Amino acid sequence: MCGIVAYIGKREAYPIIIKGLKRLEYRGYDSAGIALLDKGDLNIYKKQGKVANLEEFASGKNITGNIGIGHTRWATHGLPNDINSHPHYSNDGELALIHNGIIENYDILREELKSRGYSFVSETDTEVLVHLIDDIIKTEKVELVEAVRHALLNVTGAYAIVILSKNNPNQLVAARKSSPLVIGIGEENEFFLASDATPIVEYTKQVVYLNDEEIAVVDLNDGLRILSITNQDKTPYIQQLEMKLEALEKGGFEHFMLKEIFEQPRSIHDCFRGRLNAEKGWVALGGLKEYEQKMINANRLIFVACGTSWHACQVGEYLIEGLARINVEVEYASEFRYRNPIINENDIVIAVSQSGETADTLAALELAKSKGATILGICNVVGSSISRITDAGSYTHAGPEIGVASTKAFTAQVTILTLLALSLANKKGTISETTFHTMLADLEAVPDKVKKILDSDAKIKEIARIYQNASNALYLGRNSSFPVALEGALKLKEISYIHAEGYPAAEMKHGPIALIDEEMPVFVIATKGTSYEKVVSNIQEVKARKGKLICIVTEGDTQVKDLADHIIEIPDTDENLVPLLATIPLQLLSYHISVFRGCNVDQPRNLAKSVTVE
Ligand code: F6R
């Protein structure tokens, strides 16, 4: 949450920072601001709302300077208004600072600083940082970097910060703890700093991911220096970015979400490419291979995640328990970390996260590690915090996901979990060779089947048009289609603001059935499989109460067709792989309903993509 970007070099900083902020806007869009150093002047421009508002506010002004910082905010402390926008500045206007994270002891620090004569203009936790650094510079008579280091020793919480100083016109000082920060290395002491690599990739592929409790100084004359907050010099570890610039553009689609839904044949394929060969009959997740025996011997596999990633883990539980007969638990990371869970060395805790930065998921892993468990990760963002703190892991290779509502990351996570379940089952001998080979072939065929579902977009759009004004919706599914129902409901809620609930189909009669009347759309995953007849009975129960039935069925189905108001057909596949297909029409339905309702599809209200606060 919150995106930060900064530049130092020979070019004009403003266009680089504005473009960078647009790339990071998925992290928060309550307000945006920029500070630039220009011939000894520190100029700050801030505006409530999206980066476009800031751009409009700045247009016509002669904004120049080769050093600057920028911020796009997801409000935590204080309303989303101009004053609470970042950058925040010291009382004497010498320092400006941007921050992503939360300073937990800000209240005490604020009172202390007030008693020392500092005045606060905003309601944010961030403002204490800039005054604290300023106070240390003045009282301890130390250089900026030393003051930042001393200040951070007094701070609890999470931060990624960048500081601009009038008295240090050749440098930027940055630091991180529990919030991400990447440094792009350009030519001749030119540096790009950002919350992720998306604002950087256009200019350089060489990056350094700052570690927790590290401070970076980027200097026009002296280049890059990294030190720890305990004052030890560190050698920067330079990595090569593999991200492609086209992946960050809409590529002719109206919204990123639609583009990302339509990318799924490719993203699912990329996810299993080189990890699966149906013809030769093998599957291998390189990053996790050496932990497979440990997983087979483990007490339990505990999956920790949030939101959509938690739904993917739920699908994983059905797959791994069902196929590999290994005990799996799925936990909300936010609950797990605070409920004093029983964990020991024989447990394996696996975090699943698109961003790899979700604060609760990271904290759950840290807790598990402290109890001696093996910690593994399944992430999309390469170089993210989760991928760096885990013992091993696998990347989903879905490519950058920019729409705030997760789509292709979910199907990629489910693909990895399917590969893992198959690999473990094969190694453990809990499925026959024939089942193993058939499932591999079925998985390999998924991208083409997804393509076929995407071809029915026009029909799905017409169904969406009919239900665009619904106030509530129910999603039902059984077995591994139950988490798909949860995911379908979440997608609708978050982008169209229609209240929606996902339920195991049979649970409906234990309460939610009371909600059903002729106004209630009920989306049911009713594909062929072990519970098909039971789900058909649930459909009958909805129909008897005049609910509107929109059913996802296997191609050629006739039974449900006769009962439902609308059917959406998906190709036949192994029952375990249905989540990868049934999810697609639900994503499209939510997308079109959101567009019909005039909602902001890619940046839904109150949300941010990377939740780096608890
Ligand atoms: C919903 C959505 C969120 C995320 C959740 C976890 O569409 O995107 O629910 O799934 O915030 O994020 P990651 O996967 O980055 O840990």
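In a fully extended conformation the segment linking residue 596 and residue 227 would gain 127.7 nm over its present Cα-Cα distance, using 0.36 nm per residue.
Enclosing the Cα atoms of the chain in their convex hull gives a volume equal to 155 cubic angstrom per residue. Express in whole angstrom the spacing between the alpha-carbon centres of the stretch 283-352 and the stretch 160-223. Distance between centres, Cα-based: 35 Å. Put simply, the C-alpha atoms of the stretch 251-444 give a gyration tensor, and the ellipsoid matching it has half-axes of 24, 23, 13 Å, longest first. Of interest is the spacing of the C-alpha centroids, which for the stretch 481-553 and the stretch 422-456 amounts to 26 Å.
Packing here is the average count of other Cβ atoms within 10 Å per residue, and on that basis the peptides 96-103, 329-336, highest first, run 96-103, 329-336.
Between residue 12 and residue 444, the simple spin-label model (points 7 angstrom out along Cα→Cβ) gives 5.4 nm. Using Cα atoms only, what is the angle between the long axis of helix 532-544 and the major principal axis of the chain, expressed in degrees (0 to 90) to the nearest 10? So the helix axis and the longest Cα principal axis differ by about 80 degrees.
Count Lys and Arg as plus one, Asp and Glu as minus one, and take only other residues whose Cβ is under 13 Å from that of residue 344; the net charge is then +1. Working note: 222 nm ellipticity from helices only, DSSP H runs with n ≥ 4, each -39,500 (n - 2.57), summed and divided by the residues of the chain, gives -10500 deg cm²/dmol to the nearest 500. For residue 123 and residue 563, the difference between the fully extended length at 0.36 nm per residue and the C-alpha to C-alpha distance is 152.8 nm. For the chain, the longest principal axis of the alpha carbon atoms and the long axis of helix 408-428 meet at an angle near 60°. Ranking of 310, 74 by solvent-accessible surface, largest first: 74, 310 (1.4 Å probe, protein heavy atoms only, all chains present).
If one computes P(r) from the Cα atoms of the stretch 3-247, what percent of pairs lie at distances over 34 Å? Across the stretch 3-247, Cα pairs with separations above 34 Å total 8 percent. Give the calculated FRET efficiency between residue 91 and residue 369 to the nearest 0.05, with a Förster radius of 45 Å applied to their Cβ-Cβ distance. Here the calculated transfer efficiency is 0.60.
Legend: calculated FRET efficiency, residue 435 to residue 143, from the Cβ-Cβ distance at R0 = 51 Å, rounded to 0.05, equals 0.20. If one computes the Cα centroid of the stretch 69-111 and of the stretch 235-266, what distance in Å separates the two points? Centre-to-centre (Cα) distance: 30 Å. The length gained by stretching the chain between residue 39 and residue 188 to full extension, at 0.36 nm per residue less their Cα-Cα distance, is 51.6 nm. Partners of residue 61 within straight-line reach, counting lysines whose Cα lies under 20 Å from its Cα and excluding those fewer than 8 residues away in the same chain: 19, 22, 39, 46, 47, 50. Provide, for q = 0.13, 0.17, 0.24 Å⁻¹, the log10 of I(q)/I(0) from a solvent-free Debye sum over equal Cα point scatterers in the stretch 19-94. Relative scattering, expressed as log10 I(q)/I(0), comes to -0.36, -0.61, -1.14.
Rounded to two decimals, the Cα-based Rg/Rh of the stretch 361-470, with Kirkwood Rh, is 1.08.
With axes computed from alpha carbons, what is the tilt in degrees of helix 457-467 against the longest principal axis of the chain, rounded to the nearest 10 within 0 to 90? The angle comes out near 90 degrees. In the stretch 1-41, whose amide N lies under 14 Å from the spot 7 Å out along Cα-to-Cβ of residue 170? List them in ranges. Once the point is set 7 Å along Cα→Cβ of residue 170, 9-10 turn out to lie under 14 Å by backbone N, inside the stretch 1-41.
The values are calculated or read from the model by the stated rules, or taken from the named source; none is laboratory data. All figures in this text were calculated on a predicted structure; none of them were measured in a lab. When we count neighbours, we look across all protein chains shown, and the Cβ atoms used for this are built from the backbone with ideal geometry, even at glycine. Just the protein is used for accessible areas: all its heavy atoms, side chains included, with ligands, DNA and RNA removed. Shrake-Rupley method; radii C 1.70, N 1.55, O 1.52, S 1.80 Å.
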